[in-house]
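Trainee: If you scroll down you'll find the structure; I have some questions about it.
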Amino acid sequence: MKIKFIVLTVFIAFASYTFSQKLEKDKKYFTSAIGFWNVENLYDTLNDQWKNDEDFTPSGKNAWNGSRYRIKIDRLAEVISQMATDVTPDGLAILGLCETENKSVVQDLVNSPRLKKRNYQVMHIEGPDARGVDPSFIYNPSYFKVIKAVSYHIQYVSDTSHKTRDILVVSGSFLGEPLTVLVNHWPSRLGGELKSRPNRNEAAKVARHITDSITKADPTAKVALMGDFNDDPVNVSIKEVINTNSDYTKCKDDQYFNPMEPLYKEGTGTLAWQDSWNLFDQVILNKTWFPKKYETWQYYAVRVFNKAYLKSDFGNYKGYPFRTYSGGSYTGGYSDHFPVFIVIAKENTLKK
């Protein structure tokens, strides 16, 4: 299999978001990318009696019909097709998604004309969420081979009867190296950040328990926690429960590296609310992403994909993510979140 590569010096503009080690300019490297996106209510148009999806039907309040669904699919595919293509012509090797109703809608997405040639495969496990949305996982089989996929329930502390999204855990091999990805969509801030905080802290405990089990079984395994955490990098669930550090060189053995924290502190966000930005969408990594040399896949950079066309250009929400519905009216946008991705790199040891 041929893996296209580029000289990593093109990433020099993003050095403030990378670790301090510099790549040698006279060498070439394999590069790839792993991303996440909250795609905002990717529902089909059918009424599922077991889900609260009535608003997203032709007769529902959103008048969600076939035309609007197809536009949504094409909009999402447009973005995914462009993400990380300046890093590698193959684009994203892996993408976690949330707010997807079922496997069928994700299958429609990867089979759309803009993405079909990449042959993305889909992992999706139906969960108990009352709204009927779940995390999903798509991957390029030329890069990633799935070994196992499971999901873990999250229980609300504030209301044990409430059903929320599972954590989707996909384990496999990324070009021969063990990798496990956790796709998260933690409990919302409904009722206020403080009141709802215990629910997200509980989700963080479950996620951390999963990752500890993985790394205990295989200390060489790479782990990526990604998702819409409904918390910023500095909140308790991330900073204390997951136990993250924004400087990989200072990470202790029990800590995870969060490349999103410096972005957040600089004012970069993935969603806006009442004229303030949050960075709920994150990719967090364990220490095995930082070997001494680039002999294995290694973290290199992080990006929020916030191109101008993904932003609303009018009204009170100018500059916010351009969403599908705004103020109760259909606007035909993309999502209320910007996607994110990390760049990873490995030495090219192939003979010239």
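Trainee: For Lys145 paired with Asp86, estimate the spin-label separation in nm (one decimal), with each label point 7 Å from Cα along the Cα-to-Cβ line.
Mentor: Result for the modelled spin labels: 3.4 nm.
Trainee: Further question on the same structure: Please compute the alpha carbon radius of gyration of region 293-352, then divide it by the globular-protein estimate 2.2 N^0.38 Å. Two decimals is fine.
Mentor: Normalised Rg, Cα atoms only: 1.77.
Trainee: Going by average Cβ density within 10 Å per residue, which order do the peptides 221-227, 95-101, 74-80, 198-204 take, highest to lowest?
Mentor: So the peptides 221-227, 95-101, 74-80, 198-204, ranked by packing, come out 95-101, 221-227, 198-204, 74-80.
Trainee: Within region 238-268, name every residue whose backbone N is under 20 Å away from a label modeled 7 Å from Cα of His209 along the Cβ vector.
Mentor: 238-244, 254-256
Trainee: Sorted from largest to smallest, which semi-axis lengths in Å does the alpha carbon gyration tensor of the chain give for its equivalent ellipsoid, taking the root of 5 times each eigenvalue?
Mentor: One finds semi-axes of 31, 23, 20 Å for the chain.
Trainee: Which of the peptides 186-196, 255-265 is most tightly packed, and how do the rest follow, going by the mean number of other Cβ atoms within 10 Å of each residue?
Mentor: For the peptides 186-196, 255-265, the packing ranking is 255-265, 186-196.
Trainee: Please report, in whole Å, how far the alpha carbons of region 57-159 spread along each principal axis, starting with the longest.
Mentor: Principal-axis extents of region 57-159 (Cα, largest first): 45, 35, 20 Å.
Trainee: Here is a further query. Quick check: net charge around Ser312, other residues with Cβ under 11 Å of its Cβ, Lys/Arg +1 and Asp/Glu -1?
Mentor: So the surrounding residues net to +1.
Trainee: How fast does region 171-223 diffuse by Stokes-Einstein, in µm²/s, taking the Kirkwood radius from C-alpha pairs at 37 °C and 0.692 mPa s?
Mentor: 259
Trainee: Put +1 on the Cβ of each Lys and Arg and -1 on the Cβ of each Asp and Glu in the chain; which of Leu194, Thr211, Gly172 then has its Cα farthest toward the positive end of the dipole?
Mentor: The listed residue farthest towards the positive side: Gly172.
Trainee: Karplus couplings for region 156-170 from phi (6.51 cos²θ - 1.76 cosθ + 1.60, θ = phi - 60°), rounded to Hz, Gly and Pro as x?
Mentor: Computed from phi, the couplings for region 156-170 are 5, 7, 6, 8, 5, 7, 6, 9, 10, 5, 6, 9, 8, 10, 10 Hz.
Trainee: What 222 nm value per residue comes from the helices of the chain, counting each DSSP H run with n ≥ 4 as -39,500 (n - 2.57) and dividing by all residues, nearest 500 deg cm²/dmol?
Mentor: -5000 deg cm²/dmol
Trainee: Run the simple label-point estimate for Asp313 and Ala217 please: 7 Å along Cα→C-beta, distance reported in nm.
Mentor: 4.9
Trainee: Here is a follow-up. Sequence-distant or interchain residues sharing an amide H contact under 5 Å with Val302, placed H: which?
Mentor: The list, which skips near neighbours in sequence, is Val343.
Trainee: Which order, highest average first, do 163-171, 322-330 follow once you tally other Cβ atoms within 10 Å for each residue and take the mean per peptide?
Mentor: Per-residue mean Cβ counts within 10 Å order the peptides as 163-171, 322-330.
Trainee: Let me ask another. Kindly flag which residue pairs out of Lys292/Lys346; Lys103/Lys148; Lys145/Lys239; Lys28/Lys287 have an alpha-carbon separation exceeding 20 Å in this structure.
Mentor: Lys145/Lys239; Lys28/Lys287, as the Cα separations exceed 20 Å there.
Trainee: Sorting Val150, Val110 on the 10 Å Cβ count, fewest up front, what's the list?
Mentor: With the sparsest Cβ surroundings first, the list reads Val150, Val110.
All of the numbers you see were taken from the coordinates with simple rules; none came from a lab. This one's a predicted model, so the numbers in the text were calculated from it and none came from an experiment. Note that each Cβ is placed from the backbone with ideal geometry, even for glycine, and that neighbours are counted across all protein chains shown.
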